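First up is the structure itself, then whatever we jot down about it.
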Amino acid sequence: MAAAAAFSLLPSSLSRPPKRPPTSFFLSKSISFHNFSNPARHFRYPIFSLLHQNKKHSQISPSIHLKLPIPSNPFASICESLLVFSTSVLLSFALFVTDVDPAVAFVVTTPRKLQTDELATVRLFQENTPSVVYITNLAARQDAFTLDVLEVPQGSGSGFVWDKDGHVVTNYHVIRGASDLRVTLADQTTFDAKVVGFDQDKDVAVLSIDAPKDKLRPIPVGISADLLVGQKVFAIGNPFGLDHTLTTGVISGLRREISSAATGRPIQDVIQTDAAINPGNSGGPLLDSSGNLIGINTAIYSPSGASSGVGFSIPVDTVSGIVDQLVRFGKVTRPILGIKFAPDQSVEQLGVSGVLVLDAPANGPAGKAGLKPTKRDAYGRLILGDIITSVNGKKVTNGSDLYRILDQCKVGDKVTVEVLRGDHMEKIPVILEPKPDES
């Protein structure tokens, strides 16, 4: 079209070809175009001037003839050709300067199709991720050369938002030995954290951050009393520092018992799961398929230190009571007998069953009640102390049994402790007292 328009600018004497017989071009549906013998008409319709052929008029179907009226004014044809040429130039320039991404323009992406269970998992992760936080444990270290005191990260873990007041729940071993703590929310904002309180025996700690309420999304709290083996569970945490990682699995076992990493005191009714729990997952939430909190990921059983398919979570029913006490009082008032006892293996070697009292301070509950500790006589011979065989009629065969019974009691309760003293049995009443300096 541009070439034909360019020819239209030449004088008519140079561009006028000899007269030729009329030529018709036929399109589908038997529509013909006639009378293109006039040179001016060639420039009026340049495309047909290029197709001008010196052949005899022929027609496929004479039934339909559409003749187009063509103006006979050459000046009008030249103006129209100039208009067509200008339009072509402008269109070409516009296409040249316009930044058009062909991949975006022509690639049509189909929406990803997910199964129903996949959609549920994605929704659960998106709804609960804002509740999970990243905790950095900082310890003060002195530089050996400059003697400057520096804060060095000595560990990290996970946690979750408990309420709108800024309370964050995690494991005690995540914050143990920290001089400073920092909590990073899901939107990567970081806040300094203060320790509200902790329970070493159950490996639970509560922190507090001064964050805007609109940034805090408390995790929905469920119940753990009605859990079933085989139930699907989800763990969200920060393994190896990789923030907000989701792993899935099932409940592999219930009512397991593990020992606290800080005190060695047993933690009962622990949930066992095969969801991958790695270093850094500690303190993160274990969720059911509804997205409700059912436990705190706290430990794994692994010779290598990485996930081996056996992870443990503290049940939420245990955690809720501890957190409530820590938030209200800053400590947990757990009752104690006030004794130190021998390892279970030592008692087994003696051929007896029970808990051997090694020490009973005089200012403690057991010392006040008259329990006798193990000691040596003037000749250095070992004289065994009392061996506790039952408390309130419940048999005690090892230290775990004793802790389990005490967990069911309250501070101020009077319990009857049955002991083996020498070669005879005695029953001694003891009033339980709170553990000193719990927090």
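Total residues in region 251-267 satisfying the condition of being open to solvent by less than 20 Å² (accessible area, probe 1.4 Å) and either farther than 26 Å from VAL122 by Cβ or in contact with a Gly (Cβ under 6 Å, 6 or more places away or on another chain) (or both): the figure is 5.
Residue count for region 262-296 satisfying the condition of being modelled with pLDDT under 90 and not in a loop (DSSP other than H, G, I, E, B): 4.
Select from region 240-281 the residues that are small (Gly, Ala, Ser) and in contact with a helix residue (DSSP H, G or I) (Cβ under 9 Å, 6 or more places away or on another chain) and list them in ascending order. Listed by number, the residues that qualify are SER259, SER260, ALA261, ALA262, GLY264, ALA276, GLY280. Here is the figure for region 268-288: residues that are touching a residue at least 60 places away in the same chain (Cβ under 8 Å) and surrounded by fewer than 24 Cβ atoms within 10 Å (Cβ to Cβ) total 3. For region 214-245, the tally of residues that are assigned by the TED database to the domain that holds GLY291 and modelled with pLDDT under 90 stands at 9. When each of ASP243, ASP288 is tested for being under 16 Å from the mean Cα position of the chain (by Cα), among the charged types (D, E, K, R) and within 16 Å of VAL319 (Cβ to Cβ), the lone residue that passes is ASP288. Is it true that GLN126 is modelled with pLDDT under 80 and among the polar types (S, T, N, Q)? Criteria not met by GLN126.
Touching a residue at least 24 places away in the same chain (Cβ under 8 Å), hydrophobic (A, V, I, L, M, F, W, C), outside any helix (DSSP H, G or I) and under 17 Å from GLN126 (Cβ atoms): does that describe ILE219? The answer is yes for ILE219.
Taking the criterion of being open to solvent by 70 Å² or more (accessible area, probe 1.4 Å) and not in a loop (DSSP other than H, G, I, E, B), the residues of region 222-247 that qualify are LYS232, PHE240.
The values are calculated or read from the model by the stated rules, or taken from the named source; none is laboratory data. Everything numeric here is computed off the predicted structure, so don't read it as measured data. All Cβ positions, glycine included, derive from the backbone under ideal geometry; neighbour counts span all protein chains shown. The area values use the complete protein model at the heavy-atom level, side chains included, leaving out ligands, DNA and RNA. Shrake-Rupley method; radii C 1.70, N 1.55, O 1.52, S 1.80 Å.
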